[in-house]
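Student: Here's a structure for you.
Here, each number is a calculation from the coordinates, and none is a lab measurement. Predicted model only: the values in this text are computed from it and were never measured. Glycine gets a Cβ as well: all are built from the backbone with ideal geometry, and neighbour counts include every protein chain shown.
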Amino acid sequence: MKLYRVTLSPDDEKTCRAIISRGQNKAEIIRRAYTLLKSHDGKTDVVIAAELYIDDETVRRTRVRYVLEGLSVALNPETEAGNDPLLNDGQIGRLTALACSAPPSGQKRWTHQLLAEQMVVQGVVAAISASTVGRYLKKTSSNPGK
């Protein structure tokens, strides 16, 4: 198993301390800053996890991300894989407009499946599931067919 030792640069250490002292960031970011500082001080994952009331795997992931990708990636949960939105604002707008339009001939109303298929046919997206369509419509408070 490869070891990923955290050695914070003076700038990174200063940034972590500023994040902690200000307390204006998300708790998750503050915990990651604490994790990096404690790891920099030579504490083990198990000790850090116990002190911060988090899982030792979370400590390990934060360390690895810092060593491989840098401070901003290690601190910001938005950069985690899987957190990228499936649709951009333009695509969401097209989906909402489509849901508010008249349904295809032979259909009484739009279903999530029909909307997903039509988004692909129109070339808005390469692929999208009916459940994803439903989630985005729920977020925008749109209700197809009503």
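Student: Multiply the residue gap between LEU3 and GLU117 by 0.36 nm, knock off their C-alpha separation, and tell me the result in nm, one decimal place.
Tutor: That works out to 36.3 nm of additional length.
Student: For the chain, what is the convex hull volume of its Cα atoms per residue in Å³?
Tutor: Roughly 159 Å³ of hull volume per residue.
Student: Also, quick follow-up: Please label the shape of the stretch 10-79 as rounded, prolate or oblate, based on the square roots a ≥ b ≥ c of the eigenvalues of the alpha-carbon gyration tensor (a/c under 1.5 means rounded; beyond that, a/b larger than b/c means prolate, else oblate).
Tutor: rounded
Student: Take the Cβ-Cβ distance between ASP55 and GLN107 as r, set R0 to 35 Å, and report the resulting FRET efficiency rounded to the nearest 0.05.
Tutor: Once rounded, the FRET efficiency stands at 0.15.
Student: What percent do you get for the relative contact order of the chain when only Cα pairs under 8 Å and 6+ apart count?
Tutor: Worked out over the chain, it gives 17 percent.
Student: Still on this structure: Kindly count the pairs of lysines across the chain whose alpha carbons are less than 30 Å apart, treating pairs on different chains or eight or more residues apart as eligible.
Tutor: For the chain, the number of qualifying lysine pairs is 14.
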